[in-house]
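Enquirer: Following this message is one structure expressed as C-alpha cells.
The values are calculated or read from the model by the stated rules, or taken from the named source; none is laboratory data. Just so you know, these numbers come straight off a predicted model, no measurement behind them. Counting neighbours? That spans all protein chains shown, and the Cβs are built from the backbone with ideal geometry, glycine included. Only protein heavy atoms, including side chains, enter the accessible area calculation; ligands, DNA and RNA are left aside. Shrake-Rupley method; radii C 1.70, N 1.55, O 1.52, S 1.80 Å.
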Amino acid sequence: MPMTVSDAIRTRRATRSYTGEPLTSEQIHTLLDAAIHAPSARNEQPWSFAIVQNRALLASLSAEIKSSLMHDPAWREHLPLADPDFDVFYGAGTVIVICARTEGFGPVGDCYLAAQNLMLAACELGLATCPIGLARDTLQSSTWRKRLGIPEGVQPVLPVAAGHPAANMPATTRRPPTIHAWIR
C-alpha cells in the first residue's frame, strides 16, 4: 500500500546518520517538484535552490559552520564542534539549500512550507532529511553565497541534508497541542 500523507507526517524524522551516497538527479527533481507545489503568499513562489553534492565543499562548509558556533556555549554543549570528524550535515551526500527572494510578502515563511513538502516527499521515497538551521548564518555570508552561486536579491533560508539513511531514527514524543482559544 502506498504511503499516505498522514503516514509521511508521522514517520518523517530528522535523520542524523547518512550513507554518504548522493541523491540522483531524478530524486532531486522529484523533491524540488514537491517543494515548488507548496503554498505561497500571493502565489509569489519566492523559492530557488542550490544543490551541493561536492564532498570537499560540504566538508569546508561544515568546518566553517563549526568554527562560527564555537563561541556559543549553547551549541558547544549540544554538538561536538571541536571534533574534526563531526559533520554538521551528518554525512549526507546531498544538501539542498532552499533560498528566498529578499523582497515579497513573507518569502521566508513560504520557503519553510516548501521545505516541509520536500521533506515529506523524501520520506515517501524512503529517503532521509534533516533541516540544518544552524548553517543559515554562515550560508548568508557573501563568501558562501558566491561559492554557491546565489545571486543578489536572494538569501539562503534553510539547508536540508538529504540522502539515504544509515540508521533508523527513533520516534520522538510529541506533546498534545496547546489550544489558546476555541471560539464557537
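Enquirer: Just the residues that are more than 23 Å from G106 (Cβ to Cβ) and either assigned to a loop (DSSP other than H, G, I, E, B) or more than 10 Å from the chain's Cα centre (by Cα) (or both), please, taken from segment 149-167.
Expert: Scanning segment 149-167 gives G149, G163, H164, P165, A166, A167.
Enquirer: Tell me yes or no: at least one residue of segment 93-101 is more than 25 Å from E152 (Cβ to Cβ), touching a strand residue (DSSP E or B) at 6+ places or on another chain (Cβ under 6 Å), at pLDDT 95 or above and surrounded by fewer than 20 Cβ atoms within 10 Å (Cβ to Cβ).
Expert: Scanning segment 93-101, I find at least one residue that is more than 25 Å from E152 (Cβ to Cβ), touching a strand residue (DSSP E or B) at 6+ places or on another chain (Cβ under 6 Å), at pLDDT 95 or above and surrounded by fewer than 20 Cβ atoms within 10 Å (Cβ to Cβ), so the answer is yes.
Enquirer: Among (1) closer than 21 Å to T4 by Cα; (2) surrounded by fewer than 20 Cβ atoms within 10 Å (Cβ to Cβ); (3) of a type outside the set (D, E, K, R), where does P151 come up short?
Expert: Failing condition for P151: (1).
Enquirer: Scan (1) open to solvent by less than 40 Å² (accessible area, probe 1.4 Å); (2) touching a Gly at 6+ places or on another chain (Cβ under 7 Å); (3) polar (S, T, N, Q) for the single condition T138 breaks and write down its number.
Expert: (2)
Enquirer: Pull out all pairs, ordered by first then second residue, where Cβ-Cβ is under 7 Å, the residues are six or more apart or on different chains, the first lies in segment 167-184 and is closer than 12 Å to T15 by Cβ and among the small types (G, A, S), and the second is at pLDDT 85 or above and open to solvent by less than 100 Å² (accessible area, probe 1.4 Å).
Expert: Sorted first by the residue in segment 167-184, then by its partner, the pairs are A167/S17.
Enquirer: Going by the conditions given, is G104 on the phi > 0 side of the Ramachandran plot and open to solvent by less than 30 Å² (accessible area, probe 1.4 Å)?
Expert: no
Enquirer: Identify the residue in segment 1-50 that is under 22 Å from G106 (Cα atoms) and of a type in the set (S, T, Y) and, among all such residues, is least open to solvent (accessible area, probe 1.4 Å).
Expert: Among those residues, the one meeting the criterion is S40.
Enquirer: Of (1) more than 22 Å from G126 (Cα to Cα); (2) modelled with pLDDT of 90 or more, T19 satisfies all except one. Which?
Expert: It is condition (1) that T19 fails.
Enquirer: Then there is this: Could you list all residues from segment 118-132 that are touching a residue at least 40 places away in the same chain (Cβ under 8 Å) and more than 11 Å from the chain's Cα centre (by Cα)?
Expert: L120, A121, A122, C123, E124, L125, L127
Enquirer: Among H37, H71, H29, which is closer than 26 Å to K146 by Cα and at pLDDT 90 or above?
Expert: Exactly one of H37, H71, H29 is closer than 26 Å to K146 by Cα and at pLDDT 90 or above, namely H29.
Enquirer: Here are A59, A114: which of them is open to solvent by 50 Å² or more (accessible area, probe 1.4 Å) and under 20 Å from I150 (Cα atoms)? Explain how you work it out, then say what you get.
Expert: Values: A114 fails: open to solvent by 50 Å² or more (accessible area, probe 1.4 Å).
None of the others qualify; the one that does is A59.
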